[in-house]
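Report on one structure; see the data block that follows.
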Amino acid sequence: MVGNQDRWQEDIFVACPLRDLVPDDHILKRVDRVLDLSWLRDEVVDCYCSDNGRPSIDPEAALRLMLAGYLEGIVHDRVLMRQAQVNIAIRWFAGYRLHEDLPDHSSLTKIRQRWGEERFLRIFKRTVGDCIRAGLVDGKRVHVDATLIRADASWESLVEEHVEQVLTENNAVAESGGETESQPGRRAGRARTRAAKCKKRSKTDPEATMATSSHKRRLEPCFKDHVVVDDKAGVILDVKVTTGEASECKELMSQLDRVEEQTGKKVEAVTADAGYGRSENYAALEERGVAAVVVPQREAGVAKKLPLRRFKYDAKHQLVRCPAGKILHRQGEEPAEKGWIYRARACDCRACPFKGRCVPKTASVRTVLIVDGYEALLRARRARNRGWDAERRELYRRHQWWVEGRHGEAKVQHGLARAVRRGRWNVAIQAYLTAAVINLKRLAAALAGNPPALSVFSALTRLVDGLCRLLGLNPAAVRAAVT
């Protein structure tokens with residue numbers, strides 16, 4: 001018999017709690033089981049006046065609205081609040097009853113401005129601490145990578161920024177004898193003879209810089225998201241957002257420092273792609289005793305020219321031997337910007353059979369630059385050419401689907417492919433919240449099959465935080481010491 005549903009009948013009362021209307025396997029319900037924000041009010045209390053003004057939106061409700069949006073892939077505040085009007089799961093997750101008015105979308109913008117970037121970083125670190133206490137973080141093997149975030153800037157907003165001021169300053173330095181106030185005794189180099197290239201910059205978001213992830217794609221206004229992922233369960237341990245043109249290789253050591261401070265453990269192995277394969281990184285990792293599973297960068301050079309690898313470097317005697325057996329000596333008493341310059345003698349190059357392939361047409365002798373950490377770079381290249389062992393190959397394979405998979409998850413499922421607001425600090429908050437919800441998903445998935453452990457975990461977290469407040473201690477420092 002065909003049924004008939006009276007869809008026009010409206011109920012005055014709902015005879016069950018909102019929790020029962022949300023499926024048990026819903027992402028918001030699973031995350032709610034592991035999410036504890038009882039500490040948030042004390043964290044942001046100094047952002048509000050204690051004896052004046054109307055009551056603000058509850059901080060926990062505001063943050064839960066933001067987290068619900070990122071978990072559902074809704075990054076725009078207007079769209080989020082429209083969905084919250086009709087989405088029972090979002091209302092229940094944020095703590096709003098069916099008849100209660102939701103805050104205006106602009107309130108979330110004002111809250112982000114009031115709290116600031118630093119507090120959202122602490123919110124992300126709280127999720128890392130929860131994952132550490134749940135046993136999801138090993139901290140000894142980590143994967144490092146960076147990805148571009150397209151800025152919220154149109155092509156029409158790009159303007160060309162001439163470097164006339166830089167040229168003027170360089171000419172002034174050249175006229176003053178080649179010395180600068182910041183670098184006394186350092187030569188400034190020859191004055192520029194060709195016109196400098198123009199840089200493009202967005203008028204709507206000046207902090208975004210032009211960058212690209214491939215030479216086959218054109219430059220776009222971007223920011224760069226630097227991420228460290230733990231090897232055990234894919235928990236994101238560190239996030240930093242810079243301008244798009246910032247070099248990721250220069251961020252590696254500071255990233256490892258922050259990870260070791262967060263986990264309280266020493267990093268033993270790190271994986272990264274060729275963007276991090278610089279000599280200074282290899283040398284620093286060797287000094288720290290960290291196994292570097294990092295792909296070395298390709299040696300720069302021109303076809304039919306003798307590359308630098310044909311020159312033998314003797315670090316003990318501080319000299320370089322060319323393919324013809326002649327010696328290049330170190331120049332100057334101080335190193336250049338990136339290392340030491342070694343120069344051949346004119347009489348050696350004049351009669352050398354390799355001069356046509358070795359010495360540039362604009363020079364009379366061959367000079368080479370030995371960068372800092374060059375020996376460590378050579379060892380890394382030799383190890384890569386010989387072939388990594390099975391353990392390193394497996395670790396780098398895990399890098400490809402751990403950290404690069406996190407980038408794909410953040411962009412496809414949580415809207416991090418493009419910035420939704422302007423300014424580096426706004427993009428940083430978006431990256432922190434995205435990493436926080438990914439960690440919460442990992443935590444919820446790990447504890448979903450063990451409800452008793454889940455309840456004990458939440459109870460112990462609240463108990464430790466409450467005791468620390470009573471004793472006037474820092475809860476984060478106490479938890480780190482215990483773990």
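The values are calculated or read from the model by the stated rules, or taken from the named source; none is laboratory data. Note that this is a predicted model, so its numbers are computed, not measured. Note that we place each Cβ from the backbone using ideal geometry, even for glycine, and neighbour counts take in every protein chain shown.
Odds and ends about this structure:
- Of all residues in the stretch 218-236, those that are of a type outside the set (Asp, Glu), closer than 19 Å to Pro206 by Cβ and assigned to a strand (DSSP E or B) total 4.
- Only one entry in Pro296, Pro353 is farther than 30 Å from Asp145 by Cα, in contact (Cβ under 8 Å) with a residue 24 or more places away in the chain and in a loop (DSSP other than H, G, I, E, B), namely Pro353.
- In the stretch 37-49, the residues that are at pLDDT 90 or above, of a type outside the set (Phe, Trp, Tyr) and assigned to a loop (DSSP other than H, G, I, E, B): Leu37
- In the stretch 241-253, the residues that are of a type outside the set (S, T, N, Q) and either in contact with a Pro (Cβ under 6 Å, 6 or more places away or on another chain) or without any contact (Cβ under 8 Å) to a residue 60 or more places away in the chain (or both): Glu245, Ala246, Cys249, Lys250, Met253
- Val267 being at pLDDT 90 or above, out of contact with any Ser or Thr (no Cβ under 6 Å at 6 or more places or on another chain), part of a loop (DSSP other than H, G, I, E, B) and among the aliphatic types (A, V, I, L, M): yes
- For the stretch 196-217, a residue qualifies if it is among the polar types (S, T, N, Q) and either in a loop (DSSP other than H, G, I, E, B) or surrounded by fewer than 17 Cβ atoms within 10 Å (Cβ to Cβ) (or both), and the qualifying residues are Thr204, Thr212, Ser213, Ser214.
Every residue, every condition in (1) crowded, with 17+ Cβ neighbours inside 10 Å; (2) modelled with pLDDT under 90; (3) in contact with a strand residue (DSSP E or B) (Cβ under 9 Å, 6 or more places away or on another chain); (4) part of a helix (DSSP H, G or I), yes or no:
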{"position": "Lys361", "(1), (2), (3), (4)": "no, yes, no, no"}
{"position": "Ile370", "(1), (2), (3), (4)": "yes, yes, yes, no"}
{"position": "Arg382", "(1), (2), (3), (4)": "no, yes, no, yes"}
{"position": "Asn385", "(1), (2), (3), (4)": "no, yes, no, yes"}
{"position": "Arg392", "(1), (2), (3), (4)": "yes, no, yes, yes"}
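- Selection within the stretch 407-420: residues that are of a type outside the set (Lys, Arg) and either in contact with an Asp or Glu (Cβ under 8 Å, 6 or more places away or on another chain) or in a helix (DSSP H, G or I) (or both). The member of this set that is farthest from Val293 (Cα to Cα) is Val420.
- Restricting attention to the stretch 237-261, the residues that are among the charged types (D, E, K, R), outside any helix (DSSP H, G or I) and modelled with pLDDT of 95 or more total 2.
- Residue match in the stretch 254-262 (condition: more than 20 Å from the chain's Cα centre (by Cα) and touching a residue at least 24 places away in the same chain (Cβ under 8 Å)): no
- Selection within the stretch 41-54 - among the aliphatic types (A, V, I, L, M) and free of Cβ contacts under 8 Å to residues at least 40 places away in the same chain: Val45
- Trp401 vs. criteria surrounded by fewer than 17 Cβ atoms within 10 Å (Cβ to Cβ), part of a helix (DSSP H, G or I) and aromatic (Phe, Trp, Tyr): yes
- Filter result for the condition that a residue is under 30 Å from Asp77 (Cβ atoms), in contact with a helix residue (DSSP H, G or I) (Cβ under 8 Å, 6 or more places away or on another chain) and surrounded by 17 or more Cβ atoms within 10 Å (Cβ to Cβ), over Arg366, Arg406: Arg406
A quick yes/no check of all residues on (1) at pLDDT 95 or above; (2) assigned by TED's automatic domain parsing to the domain that holds Ser213; (3) within 24 Å of Asp231 (Cα to Cα); (4) not in a helix (DSSP H, G or I):
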{"residue": "Gly405", "(1), (2), (3), (4)": "no, yes, yes, no"}
{"residue": "Ala436", "(1), (2), (3), (4)": "yes, no, yes, no"}
{"residue": "Ala445", "(1), (2), (3), (4)": "no, no, yes, no"}
{"residue": "Gly449", "(1), (2), (3), (4)": "no, no, yes, yes"}
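- Among residues of the stretch 28-76 being acidic (Asp, Glu) and within 16 Å of Leu108 (Cα to Cα), the one that is surrounded by the fewest Cβ atoms within 10 Å (Cβ to Cβ) is Asp58.
- Close Cβ contacts (under 6 Å, 6 or more residues apart or on different chains) running from residues in the stretch 206-219 that are in the same structural domain as Ile149 (by TED's automatic domain parsing) and free of Cβ contacts under 8 Å to residues at least 24 places away in the same chain to residues that are surrounded by 10 or more Cβ atoms within 10 Å (Cβ to Cβ) and of a type in the set (Ser, Thr, Tyr) comprise Leu219/Thr212.
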